[in-house]
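Visitor: Following this message is one structure expressed as structure tokens.
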Amino acid sequence: MKIGYIRISTEEQNTARQEVLMQELEVEQVFIDKMSGKNTNRPELKRMMSFVREGDVVIVESISRFARNTRDLLELIEQLNEKNVVFISKKEAIDTNTPTGKFMLTVFGAVAELEREYILQRQQEGIAIAKQQGKYLGRKPIELPDGYERVISLWRNGEITAVEAASKLGLKMRTFYRKFKK
């Protein structure tokens with residue numbers, strides 16, 4: 001069975017390009033994650049890894065969609081190999097059915113990891129420069145509505161739940177508890 005894995009980093013990004021590729025390749029089952037690939041803790045990736053069986057072929061648009069560091073990539077490939085599942089990355093023309101494909105997978109995995117490290121390094125350098133110039137001030141403080149003290153008092157006295165208090169203040173639960181620990 002041909003199984004496709006698609007990943008985009010954010011909800012705002014579009015999976016269409018990867019989905020078209022999967023249709024062209026006549027992929028029978030597709031798993032889609034809309035989150036960072038910084039680690040393998042992705043629900044659809046986990047589902048796919050549990051779903052695959054001997055003789056299946058996992059197809060991705062590029063290895064960067066599958067894993068963002070060499071260690072994760074090689075671990076995922078090893079898990080697929082243990083199940084006798086072939087891995088194919090279209091962009092890099094990698095096919096783990098061949099010795100060359102296995103070698104190239106390792107090389108491209110290292111390059112993808114290096115690029116991710118460069119991106120993070122450039123981001124940190126940019127933030128440091130912006131801070132020096134006074135342009136980066138961090139997240140803006142949360143503005144609470146007038147009368148928030150009354151809502152907090154009601155909550156602390158047990159007259160309303162934390163969920164109700166957070167809702168009245170327009171806060172997410174995590175933010176509410178962080179700001180108003182008992």
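The values are calculated or read from the model by the stated rules, or taken from the named source; none is laboratory data. These numbers come from a predicted model, not from an experiment. Positions of Cβ are generated from backbone atoms using ideal geometry, with glycine treated the same way; all protein chains shown enter the neighbour counts.
Visitor: Here are some conditions: (1) acidic (Asp, Glu); (2) assigned by TED's automatic domain parsing to the domain that holds residue 48; (3) not in a helix (DSSP H, G or I). Residue 159 meets all but one. Which one does it not meet?
Guide: Here residue 159 meets the rest and fails (2).
Visitor: Return the total of residues in the stretch 117-141 being touching a helix residue (DSSP H, G or I) at 6+ places or on another chain (Cβ under 7 Å) and part of a helix (DSSP H, G or I).
Guide: Matching residues across the stretch 117-141 total 0.
Visitor: If you don't mind, another one. Being at pLDDT below 90 and in a loop (DSSP other than H, G, I, E, B) is true for just one of 171, 144, 114. Which residue is that?
Guide: 144
Visitor: List, please: which pairs have Cβ atoms under 8 Å, are six or more places apart or on different chains, and start with a residue in the stretch 152-176 that is hydroxyl-bearing (Ser, Thr, Tyr) and end with one that is surrounded by fewer than 17 Cβ atoms within 10 Å (Cβ to Cβ)?
Guide: 175/142
Visitor: Turning to a different aspect of this structure: Give the stretch 37-69 a look and list any residue that's out of contact with any Lys or Arg (no Cβ under 9 Å at 6 or more places or on another chain), closer than 19 Å to residue 120 by Cβ and small (Gly, Ala, Ser), or say none.
Guide: 67, the sole residue that qualifies.
Visitor: Tell me, which residue of the stretch 12-50 that is closer than 17 Å to residue 79 by Cβ, without any contact (Cβ under 8 Å) to a residue 24 or more places away in the chain and in contact with a strand residue (DSSP E or B) (Cβ under 8 Å, 6 or more places away or on another chain) is surrounded by the most Cβ atoms within 10 Å (Cβ to Cβ)?
Guide: Here the residue is 47.
Visitor: Among the acidic types (Asp, Glu), assigned by TED's automatic domain parsing to the domain that holds residue 79 and closer than 23 Å to residue 113 by Cβ: which single residue out of 56, 33 fits that description?
Guide: Values: 56 fails: closer than 23 Å to residue 113 by Cβ.
When all the criteria are applied, what remains is 33.
Visitor: Turning to a different aspect of this structure: Mind telling me which of the residues 109, 55, 101 ends up being without any contact (Cβ under 8 Å) to a residue 24 or more places away in the chain and either small (Gly, Ala, Ser) or under 22 Å from residue 24 (Cα atoms) (or both)?
Guide: 101
Visitor: Also: Can you report the number of residues in the stretch 91-111 which are out of contact with any strand residue (DSSP E or B) (no Cβ under 6 Å at 6 or more places or on another chain) and in a helix (DSSP H, G or I)? Don't jump to the end; show me each part of the working.
Guide: If we filter the stretch 91-111 for residues that are out of contact with any strand residue (DSSP E or B) (no Cβ under 6 Å at 6 or more places or on another chain), which is where we start, we get 91-94, 98-100, 102-103, 106-111.
Filter again for in a helix (DSSP H, G or I), leaving 99-100, 102-103, 106-111.
Qualifying residue count for the region: 10.
Visitor: Another question, if that's okay. Would you say residue 62 is exposed (fewer than 14 other Cβ atoms within 10 Å of the Cβ), under 25 Å from residue 17 (Cα atoms) and hydroxyl-bearing (Ser, Thr, Tyr)? Give the derivation first.
Guide: On the way: exposed (fewer than 14 other Cβ atoms within 10 Å of the Cβ): no; under 25 Å from residue 17 (Cα atoms): yes; hydroxyl-bearing (Ser, Thr, Tyr): yes.
It is false that residue 62 is exposed (fewer than 14 other Cβ atoms within 10 Å of the Cβ), under 25 Å from residue 17 (Cα atoms) and hydroxyl-bearing (Ser, Thr, Tyr).
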